[in-house]
Amino acid sequence: MPSLYERLGGVYSIATVVDDLIDRVMTDPRLNANPLVDEAHHRVPPAGFKYLVTEMVCWASGGPQKYSGRSMADSHANLKITATEWDAFQDDLQQTLDKFAVPADEQAELKAIVNSTRSDIVAGSALGAHATT
Ligand code: HEM
């Protein structure tokens, strides 16, 4: 069975999907309602953000790329992302996957990869996390 990376169409297809997703996420009022996210979204240039997310998705789906960015825990630790904001992100992801007609099996595998990062990204959801008041 070819890797998910190959079934998604390799780096050109993945970069195209990430380009659309990041445009959605960076302008999503449900996410920018969080002032920490809004501030960080306007501080990082979209092209660099897209580069890093593309690299990560390529790497996580079995491509030859190596992810060179910070860990998901480090890069999201100070953003106080809520479960509701996570759901909004999932909705953006679904819209992008449907726009490019990614087949159901590949969608499910990609969403499983994204969901594996949830506890590192949503504030206070990491196993064993201590309340930080
Ligand atoms: C509600 C969901 C999410 C929000 C609001 C969000 C927001 C952000 C923001 C604002 C940054 C810039 C942080 C900074 O430089 O200070 C960032 C970095 C990043 N995010 Fe997310 N993110 C979310 C979910 C995800 C997911 C699911 C992934 C991948 C599976 C992801 C991958 C990345 C990567 C690769 C970076 C760059 C790390 C680096 O700078 O080295 N994010 N995110």
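Looking only at segment 82-110, how many residues end up being acidic (Asp, Glu) and under 15 Å from Val18 (Cβ atoms)? Show your work before the answer.
Initially, segment 82-110 is screened for residues acidic (Asp, Glu), giving 85, 87, 91-92, 98, 105-106, 109.
Subset that is under 15 Å from Val18 (Cβ atoms): 92, 106.
Adding up the residues that qualify gives 2.
Does Val37 count as under 21 Å from Ile14 (Cα atoms), without any contact (Cβ under 8 Å) to a residue 60 or more places away in the chain and not small (Gly, Ala, Ser)?
Considered against the rule, which asks whether it is under 21 Å from Ile14 (Cα atoms), without any contact (Cβ under 8 Å) to a residue 60 or more places away in the chain and not small (Gly, Ala, Ser), Val37 comes out as no.
Given the residues Thr54, Thr96, Thr82, Thr16, which is the only one that is within 22 Å of Ala123 (Cα to Cα) and of a type outside the set (Phe, Trp, Tyr)?
Thr82
Among residues belonging to segment 1-47 that are in contact with an Asp or Glu (Cβ under 7 Å, 6 or more places away or on another chain) and closer than 26 Å to Gln65 by Cα, point out the one that is surrounded by the most Cβ atoms within 10 Å (Cβ to Cβ).
Per the stated criteria, the residue is Leu8.
Give the residue that is surrounded by the fewest Cβ atoms within 10 Å (Cβ to Cβ), with candidates limited to residues of segment 111-125 that are more than 8 Å from the ligand (Cβ to nearest atom) and among the hydrophobic types (A, V, I, L, M, F, W, C).
The residue in question is Ala112.
Go over the candidates Asp91, Asp74, Asp105, Asp98 one by one and state the one that is out of contact with any Asp or Glu (no Cβ under 8 Å at 6 or more places or on another chain), closer than 19 Å to Ala33 by Cα, assigned to a helix (DSSP H, G or I) and of a type in the set (D, E, K, R).
Matching residue, one of Asp91, Asp74, Asp105, Asp98: Asp91.
Taking Leu36 as the residue in question, decide whether it is more than 13 Å from the chain's Cα centre (by Cα), within 8 Å of the ligand (Cβ to nearest atom), in a helix (DSSP H, G or I) and at pLDDT 95 or above.
Working: more than 13 Å from the chain's Cα centre (by Cα): yes; within 8 Å of the ligand (Cβ to nearest atom): yes; in a helix (DSSP H, G or I): yes; at pLDDT 95 or above: yes.
When the stated conditions are applied, Leu36 passes them.
Restricting to segment 54-94, and then to whatever is loosely packed, with under 12 Cβ neighbours inside 10 Å and away from the ligand (no atom under 12 Å from the Cβ), can you tell me which residue is farthest from Met1 (Cα to Cα)?
Only one residue fits best here, namely Lys66.
The values are calculated or read from the model by the stated rules, or taken from the named source; none is laboratory data. Just so we're clear, the structure is a prediction, and the values are computed from it rather than from any experiment. When we count neighbours, we look across all protein chains shown, and the Cβ atoms used for this are built from the backbone with ideal geometry, even at glycine.
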